[in-house]
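Accompanying notes for the structure given below.
What follows draws every value from the coordinates through simple rules; no lab data is involved. Just so it is clear, the structure is predicted and the values come from calculations on it, not from any experiment. Because the Cβ atoms are built from the backbone with ideal geometry, glycine has one as well, and the counts that use them run over all protein chains shown.
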Amino acid sequence: MASVELHQVTKSYDGKTTVVHGIDLEVAHGEMVVFVGPSGCGKSTLLRMIAGLEGISGGEVRIDGRRVNEVAPRDRDIAMVFQDYALYPHKTLYDNMAFGLRLRKTPETEIRTRVLDAARLLRIDHMLERKPSALSGGQRQRVAIGRAIVRQPKVFLFDEPLSNLDAQLRTEMRSEIKKLHQRLGATIIYVTHDQVEAMTLADRIAVLSAGNKVQYATPQDVYNTPAALFVASFTGSPPMNLVPCRVEAGHAVLGDVAVTLPPDLVQRAGAAQSHTFGIRPENISLADHGGVPVPAHVVITEPLGAETLVTFAVGACELVARCSASFREAPGSARTIYLASAAMHLFDSASGLAV
């Protein structure tokens, strides 16, 4: 295991186009950190700079306290798992997993021990004599992960390893990777565009946008206290309700509907009037549990089996709420909804940052 430190890491092309802007973060020993963000946000580029596959335009990368900016990828003591499994089709699974160790002149007895241990851990020990063409996508991904495990590196790097799998298999493999991390206690940096993967796998999440680190925190903090509008809109399914508002006399005015804000939020909002009001669907209820009452009308209902998503019209805006599966009210029905004060958010309209 090892720590990873990034200090003001930047990446530019031709000295003009900067795609990663001064990233600072630390990954602790044994921690699993996920880089998440939309396509083109710089997450894979950042991972490749840690691996040494991309040059660093500025700043510093340290692995286990050692500066590695000028160190070749093979000498960084990392193992990388790619989106493409990159298995040798003519080799058995055993030989695929053993290949890197043989290149390093590792004794054959040690190779056998490492490969068998990794195969048992990944539950593929019964198929080591097969070739990749005889495997499913999930099994091939296990082999690719096993090839990384046998290296016994200081740091594992995963670059969107599940994106080629179907939805059900992604869910299964996500669970397997989480169990694997718990068993190995390894330092892992994982890249994905899928916020569900990020939330379920990570000890901490680095949310990236346009080459900038927007927030670096635990999944709970990213979800419950987003640092910016981008984070609030990117996390959650459905995402946070976000509505332009004015803050006047202790209220968020959503069009022509005034919602009472908690005093601490009013104080943080200060003199600025133009904000975006936010609240997550699960923090809107149909029963009065001490929330702020707001008159509303049902717009549409979306039954999902275990729950029903209901879109309510509040004045000229709309708010989505998570309701029970038994919700049956027709579109146009009048209903008072209750917004949880402690779960309200305000974002500065100019900067996009949480107040």
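A few notes on this one:
- The relative contact order of the range 238-348 comes to 31 percent, based on Cα pairs under 8 Å that sit 6 or more residues apart.
- 10 Å Cβ shell holding at most 13 others, DSSP loop, trypsin sites (Lys or Arg not before Pro): longest site-free stretch of the chain: 124-327
- Relative contact order (%) - the chain, alpha-carbon pairs under 8 angstrom, separation at least six: 16 percent
- Relative frequency of Cα-Cα separations exceeding 34 Å in the chain, percent: 40 percent
- Computed across the range 238-348, the Kirkwood radius stands at 14.2 Å (inverse of mean 1/r, all Cα pairs).
- Unit Cα scatterers, Debye sum, the range 216-265: log10 I(q)/I(0) for q = 0.18, 0.31 Å⁻¹: -0.70, -1.07
- Applying the criteria of a DSSP loop state and at most 10 other Cβ atoms within 10 Å to the GluC sites (Glu not before Pro) of the range 40-93 yields E70.
- Note on the range 304-338 and the range 79-93: Cα centroid distance 48 Å, given to the nearest whole angstrom.
- The range 296-344, Cα convex hull volume normalised per residue, Å³: 80 Å³
- Going by neighbour counts of Cβ atoms within 10 Å, the residues V355, V68 line up, fewest first, as V355, V68.
- Lysine pair number, Cα distance threshold 17 Å (strictly under), the chain, separation 8 or more or different chains: 4
- Loop GluC sites (Glu not before Pro), the range 125-213 (other Cβ atoms within 10 Å of the site Cβ: 13 or fewer; DSSP): E129
- A simple spin-label model places the labels of K16 and F327 5.1 nm from each other, with each point 7 Å out along Cα-to-Cβ.
- Once the Cα gyration tensor of the range 1-62 is diagonalised, semi-axes √(5λ) in Å: 20, 13, 9
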